[in-house]
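Engineer: Mind looking over this structure? Questions follow.
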Amino acid sequence: MGADIFTMGVDVGSTASKCLILKNGKEIAGSAVVPAGTGTSGPGRAVAAALAEAGIGREDVAFVTATGYGRNTFPGADAVVSELSCHAAGAHALFPEARTVIDIGGQDAKVLRLDPEGRLETFVMNDKCAAGTGRFLEVMARVLELEVGELGAHDAAAARAAEISSTCTVFAESEVISQLAAGEEIDAVVAGIHNSVAVRTASLIRRLGLTEPAVMTGGVARNGGVRRALEQELGIRLLVSPLCQLNGAYGAAIHGRKKAKG
Ligand code: ADP
């Protein structure tokens, strides 16, 4: 191992805990996503799994940066950094040309505008309402007796989309239940649910103004149905971070590399 410098980013989310270990600021040595967020055993388990994958111990990590909703409760962080900075840094490292970052997580949605050098210029956020967040998708998946990870495939199989007119999660849930009772196809309902998330996200984006290219990050970016719907709604192609849900932890580990000595 010798002179290798390992830095760790821990993103303690509302819904999921993410950990990513960078070797010398470049190579991803280990990473883990645990579907349990702040206030649970999730952060500790994510750290243990990422360390195991990297084949190193906690003592081999030169710098730990915590971010995310529960960042202030994470024990043993060398620095605590906002999710906005980390998502900006992660997206910029993978897509230096990106000017807009659309981050949809479990409990909120954020749209960031970056300057041409990748610095955060301004942002808008929805953290008041579950509609348009991962939580909305989790509620709907439960009604449909599906896992959130299965929604994308149903969307891809849909020949058309059902109309979900309610913008409120609770009313939209009733609407989905009555559509299913009336015999509507599950695939069409799933596509309608994704369209509804896309409409909410697009209105958030328009508040900021869309500067292309735009990259999607956060756990909801793993859902190809939301990507499809948002591209349709905006009329553009979106870049998708291959790290998706790990993007914040990646940005945090990059931050650590700048701080770590050596
Ligand atoms: P937070 O940081 O707020 O905890 P994340 O960015 O980790 O949120 O995203 C959590 C959301 O990601 C979940 O609410 C869910 O909608 C979505 N998600 C998680 N796993 C998957 C998956 N396998 N496929 C599609 N979507 C997923």
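Engineer: Would you mind finding the one in 84, 112, 20 that is under 30 Å from residue 229 (Cβ atoms), surrounded by fewer than 20 Cβ atoms within 10 Å (Cβ to Cβ) and more than 12 Å from the ligand (Cβ to nearest atom)? Don't jump to the end; show me each part of the working.
Structural biologist: On the way: 112 fails: surrounded by fewer than 20 Cβ atoms within 10 Å (Cβ to Cβ); 20 fails: surrounded by fewer than 20 Cβ atoms within 10 Å (Cβ to Cβ).
Going through 84, 112, 20 in turn, the sole match is 84.
Engineer: Return the only residue of 212, 138, 231 being modelled with pLDDT of 95 or more, within 14 Å of the ligand (Cβ to nearest atom) and either closer than 24 Å to residue 124 by Cβ or outside any loop (DSSP other than H, G, I, E, B) (or both).
Structural biologist: 138
Engineer: Exactly one of (1) surrounded by fewer than 16 Cβ atoms within 10 Å (Cβ to Cβ); (2) within 16 Å of the ligand (Cβ to nearest atom) is unmet by residue 12. Its number?
Structural biologist: (1)
Engineer: Filter region 47-73 for residues that are within 13 Å of the ligand (Cβ to nearest atom) and either at pLDDT below 95 or of a type outside the set (Val, Ile, Thr) (or both); which is nearest to residue 252 (Cα to Cα)?
Structural biologist: That would be 66.
Engineer: Considering only residues that are more than 20 Å from residue 69 (Cα to Cα) and either at pLDDT 95 or above or outside any loop (DSSP other than H, G, I, E, B) (or both), which ones fall in region 240-262? Give the steps one after another, and end with the answer.
Structural biologist: At the first step, the residues of region 240-262 found to be more than 20 Å from residue 69 (Cα to Cα) are 240-242, 257-262.
Residues satisfying the conditions are 240, 257, 258, 259.
Engineer: I would also like to ask the following. Cβ-Cβ below 6 Å, separation at least six or inter-chain, first residue in region 41-69 and farther than 17 Å from residue 14 by Cα, second at pLDDT 95 or above and acidic (Asp, Glu): which pairs?
Structural biologist: From region 41-69, the pairs are 63/78; 64/78.
Engineer: Filter region 154-206 for residues that are surrounded by fewer than 19 Cβ atoms within 10 Å (Cβ to Cβ), touching a residue at least 40 places away in the same chain (Cβ under 8 Å) and of a type in the set (Gly, Ala, Ser) and give the result.
Structural biologist: The one that is surrounded by fewer than 19 Cβ atoms within 10 Å (Cβ to Cβ), touching a residue at least 40 places away in the same chain (Cβ under 8 Å) and of a type in the set (Gly, Ala, Ser): 156.
The values are calculated or read from the model by the stated rules, or taken from the named source; none is laboratory data. Quantities reported herein were computed from a predicted structural model and do not represent experimental measurements. When we count neighbours, we look across all protein chains shown, and the Cβ atoms used for this are built from the backbone with ideal geometry, even at glycine.
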